[in-house]
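Note sheet for the following structure.
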Amino acid sequence: MLQGKLVRLRPIERADLPNYVRWFADPEVLRYFGNYLPLSLAQEERWYERQLDSGSINFAVEYQGRHVGGAGFAHIDHRNQNAEVGLVIGEKDLWDRGLGQDTLATLVDYGFAYLNLHRIYLRVFAENKRAIHAYEKVGFREEDRFREAEWRHGRWHDLCFMSILRREWEHRQQEG
Ligand SMILES: CC(C)(COP(=O)(O)OP(=O)(O)OC[C@H]1O[C@@H](n2cnc3c(N)ncnc32)[C@H](O)[C@@H]1OP(=O)(O)O)[C@@H](O)C(=O)NCCC(=O)NCCS
């Protein structure tokens with residue numbers, strides 16, 4: 001279990017999967033997410049089985065005992081000490097209460113302190129202002145932008161790459 005200030009990150013159980021199906025059936029949740037199609041329970045079950053052996057590290061996000069989202073590391077490159085993070089707070093009624101920031105901060109802390117990473121990065125739609133604001137508050141900065149890289153809602157969208165280095169995270173921790 002990883003304990004944040006607001007959230008707790010724990011392993012995903014099979015019983016959690018219907019929540020992912022419900023969240024990804026919501027166009028507002030899916031709007032700027034990597035998946036662009038809703039996923040059936042059978043697809044979620046297949047993903048769940050695959051990720052057990054994939055080398056990625058995935059967590060269920062809990063807030064006040066309620067399963068509210070998912071988060072994790074993918075593309076973990078141990079030689080270069082790099083990994084990608086991703087997160088979703090699926091319960092929309094809980095957006096803008098700091099859960100996304102706390103989830104990301106908890107992941108980042110774990111990534112540097114336990115996975116011995118050097119650089120943690122993420123991809124985000126340039127128009128996803130809520131997400132970018134949250135990620136900047138955790139200490140991520142934009143490092144690159146892929147122009148018109150994603151086709152969504154009948155037009156092209158820019159994709160931002162953001163990252164944080166271990167020394168930047170440690171400096172923020174020291175500053176309090
Ligand atoms: C993006 C997401 C993870 C953020 O989680 P969250 O719990 O809502 O985020 P937080 O409350 O920690 O932070 C949101 C911040 O953005 C601000 N915000 C909200 N809408 C905004 C907007 N349109 N422009 C700028 N800032 C905005 C909030 O006020 C808050 O800032 P504050 O703490 O300074 O008040 C969550 O909304 C989500 O999962 N969305 C759907 C899926 C998704 O887009 N995932 C990200 C893929 S990269």
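So for the chain, taking the charge dipole from beta-carbon charges (+1 Lys/Arg, -1 Asp/Glu), which of N116, L2, V138 sits furthest toward the positive end?
Checking the options against the dipole of the chain, the answer is V138.
Grab the other residues whose beta carbon is less than 9 angstrom from that of V68, score K and R as +1, D and E as -1, and report the net.
-1
What is the magnitude of the charge dipole of the range 2-175 about its Cα centre, with +1 placed on the Cβ of each Lys and Arg, -1 on the Cβ of each Asp and Glu, and no other charges, expressed in debye to the nearest 20?
140 debye
Report the net charge of residues surrounding R50, where surrounding means a beta-carbon distance below 15 angstrom and charges are Lys +1, Arg +1, Asp -1, Glu -1.
Result for the local shell: -2.
Please report the net charge: other residues with Cβ closer than 12 Å to the Cβ of R152, K and R +1, D and E -1.
Charge balance in the 12 Å sphere: -2.
For K129, give me every one of the aspartates and glutamates with a C-alpha distance below 15 angstrom, ignoring sequence neighbours fewer than eight places off in its own chain.
Candidates past the 8-residue exclusion: E28, D96, E142, D158.
So for M1, M162, fewest C-beta neighbours within 10 Å to most, what's the order?
In order of increasing Cβ crowding within 10 Å: M1, M162.
Calculated from DSSP H runs of 4 or more alone, at -39500 (n - 2.57) each and per residue, what is the 222 nm mean residue ellipticity of the chain, nearest 500? The partial results should precede the final answer.
On the way: 6 runs with 58 residues, N = 176.
Mean residue ellipticity, 222 nm, calculated: -9500 deg cm²/dmol.
Classify the range 1-62 from the C-alpha gyration tensor, please: rounded if a/c falls under 1.5, else prolate or oblate depending on whether a/b exceeds b/c.
Oblate is the answer for the range 1-62, as a/c is 1.5 or above yet b/c matches or exceeds a/b.
Under 1.5 on a/c is rounded, so check that first for the chain, then, if it is not, pick prolate when a/b is larger than b/c and oblate when it is not; a ≥ b ≥ c are the square roots of the alpha carbon gyration tensor eigenvalues.
The shape class here is rounded.
Bear in mind that the values in this text are calculations on the coordinates, not laboratory data. What you see is a predicted model, and the numbers here were worked out from it, not measured in a lab. Don't worry about glycine lacking a Cβ; one is built from the backbone with ideal geometry, like all the others, and counts go over all protein chains shown.
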